[in-house]
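For reference, the structure is listed below as structure tokens.
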């Protein structure tokens with residue numbers, strides 16, 4: 001993958017460079033983090049961010065000056081999807097299926113998850129478990145969760161970046177968190193005593209561990 | 001936000017995220033009080049958010065990436081110069097220089113705008129913003145007592161990150177934050193409550209806030225204004241609360 005070969009020579013006044021430096025560069029860390037969560041790989045994330053920065057630079061005149069971070073992340077996400085389409089089209093095919101499932105499930109009972117782990121168990125999940133659990137989320141859930149809980153965007157900004165209505169942001173976020181709660185709250189590491197081996201049982205329906213009213 | 005859903009399971013997330021307007025937030029608080037299963041779900045969501053916030057390492061962009069980008073963007077000026085083994089560097093420096101120029105121009109403009117205002121006009125402006133907030137249907141844009149919700153909310157809206165703390169145990173619960181425009185600058189404003197009084201605490205970086213220090217302790221139309229500088233920030237507290245108690249909050253916030 002070679003991004004840097006694109007002919008930038010005819011583009012970009014010094015004004016554009018200054019604007020790029022003040023609008024885009026402050027959000028480079030967020031851009032890189034989002035690209036890494038979407039591609040799952042640091043080197044790939046660098047390629048995506050570089051491509052996104054070139055796009056942002058070309059389009060800097062079109063930036064309305066309202067929310068630089070959301071604008072930059074929108075471009076990064078777009079570049080990441082283009083990259084995934086080229087290099088890992090399987091990831092995007094799954095997204096279409098998932099959207100269908102998601103819509104179907106939305107009309108089903110909302111509390112499909114019978115698993116209700118303790119908050120204390122979730123609170124002590126370590127970084128590796130959290131990372132793995134987030135990485136396993138299907139793309140639309142993952143990006144919504146990362147934008148909200150890792151990067152701290154609000155719902156309106158997430159709707160803008162991911163190009164879906166706020167209601168969809170809410171349902172995706174709720175689903176993403178539910179999956180993570182089930183994953184990090186129940187799936188105990190082997191060295192923790194007193195908890196049922198969760199790896200084998202993860203895909204099977206389980207009894208509610210506590211009495212529910 | 002006024003949510004489009006009434007599903008309590010979704011509303012709990014919006015509540016935890018500080019996305020509900022005060023009326024809906026109250027409604028969810030009532031539901032939480034009545035429904036232990038819902039309250040447990042709220043605890044799980046907050047535990048998850050806390051774990052992500054505290055355990056996941058913050059990702060930094062590799063320095064090499066910033067250089068690569070600067071090189072790609074600055075290609076034109078780099079190409080105009082004779083080839084050099086340092087060809088990547090000048091464009092990065094040019095970029096840095098233009099940032100510096102932009103910063104100087106921006107701060108100069110702010111100073112110019114501020115200069116025209118005497119302390120009287122500044123006090124009027126601060127009180128007017130407080131009264132606007134009292135009259136508005138919602139005096140807060142982000143309703144939350146969780147500083148980890150309020151503080152990141154300012155990200156991307158203003159160019160600095162204000163210190164945010166809840167002082168509920170000292171009698172000053174944080175109820176949220178909003179963006180206020182003072183002297184043409186967007187300013188982080190924290191909203192606290194003490195007894196039945198609403199307190200607006202504007203937090204500005206010194207470069208924007210120093211002119212407010214001239215106000216010292218002022219009274220205007222029955223409202224008290226207190227200012228204090230600490231740690232590179234200027235704090236401007238406005239309320240109908242008496243000056244002594246307002247001063248206690250300022251002491252807590254600006255220490």
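Looking across the stretch A:18-55, just one residue is in a loop (DSSP other than H, G, I, E, B) and facing chain B (nearest Cβ under 10 Å), and that is A:24. Taken over the stretch A:166-177, the criterion of being at the interface with chain B (Cβ under 8 Å from one of its Cβ atoms) and under 21 Å from residue A:80 (Cβ atoms) is satisfied by A:173 alone.
Scanning the stretch B:212-249 for residues that are surrounded by fewer than 21 Cβ atoms within 10 Å (Cβ to Cβ), over 16 Å from residue B:170 (Cβ atoms) and in contact (Cβ under 8 Å) with a residue 40 or more places away in the chain turns up B:214, B:215, B:218, B:220, B:221, B:223, B:231, B:233, B:240. Residues in the stretch B:152-176 that are free of Cβ contacts under 8 Å to residues at least 12 places away in the same chain and either assigned to a helix (DSSP H, G or I) or touching a helix residue (DSSP H, G or I) at 6+ places or on another chain (Cβ under 6 Å) (or both): 3 in all.
With respect to (1) at pLDDT 90 or above; (2) crowded, with 17+ Cβ neighbours inside 10 Å, the lone exception for residue A:117 is condition (1).
Within this structure, residue B:136 fails the test of being more than 24 Å from residue B:251 (Cβ to Cβ) and modelled with pLDDT of 75 or more. Look at (1) more than 24 Å from residue B:155 (Cβ to Cβ); (2) assigned to a strand (DSSP E or B) and you find that residue B:186 fails only one, number (1). Entry remark, the stretch B:207-249: residues being out of contact with any helix residue (DSSP H, G or I) (no Cβ under 6 Å at 6 or more places or on another chain), at pLDDT 85 or above and in a loop (DSSP other than H, G, I, E, B) number 4 in total.
Among the numbered criteria (1) surrounded by fewer than 24 Cβ atoms within 10 Å (Cβ to Cβ); (2) more than 8 Å from chain B (Cβ to nearest Cβ), which one does residue A:152 miss? The single condition residue A:152 does not satisfy is (2).
The rows are residues; the columns are (1) assigned to a helix (DSSP H, G or I); (2) at the interface with chain A (Cβ under 8 Å from one of its Cβ atoms); (3) modelled with pLDDT under 90.
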residue: B:23; (1), (2), (3): yes, no, yes
residue: B:27; (1), (2), (3): yes, no, yes
residue: B:54; (1), (2), (3): yes, no, yes
residue: B:58; (1), (2), (3): no, yes, yes
residue: B:71; (1), (2), (3): yes, yes, yes
residue: B:82; (1), (2), (3): no, no, yes
residue: B:85; (1), (2), (3): no, no, yes
residue: B:92; (1), (2), (3): yes, no, yes
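Looking at the stretch A:74-90, can you tell me whether even one residue there is surrounded by 19 or more Cβ atoms within 10 Å (Cβ to Cβ), facing chain B (nearest Cβ under 10 Å), in contact with a helix residue (DSSP H, G or I) (Cβ under 6 Å, 6 or more places away or on another chain) and modelled with pLDDT of 90 or more? Taking every residue of the stretch A:74-90 in turn, none turns out to be surrounded by 19 or more Cβ atoms within 10 Å (Cβ to Cβ), facing chain B (nearest Cβ under 10 Å), in contact with a helix residue (DSSP H, G or I) (Cβ under 6 Å, 6 or more places away or on another chain) and modelled with pLDDT of 90 or more.
Let's see how each residue does on (1) modelled with pLDDT of 85 or more; (2) closer than 30 Å to residue A:154 by Cα:
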site	(1), (2)
B:163	yes, yes
B:177	yes, yes
B:184	no, yes
B:205	yes, yes
B:251	yes, no
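The values are calculated or read from the model by the stated rules, or taken from the named source; none is laboratory data. Note that the structure is predicted; figures quoted are calculated from it, not measured. Using ideal geometry, Cβ is built from the backbone for each residue, glycine included, and neighbour counts are taken over all protein chains shown.
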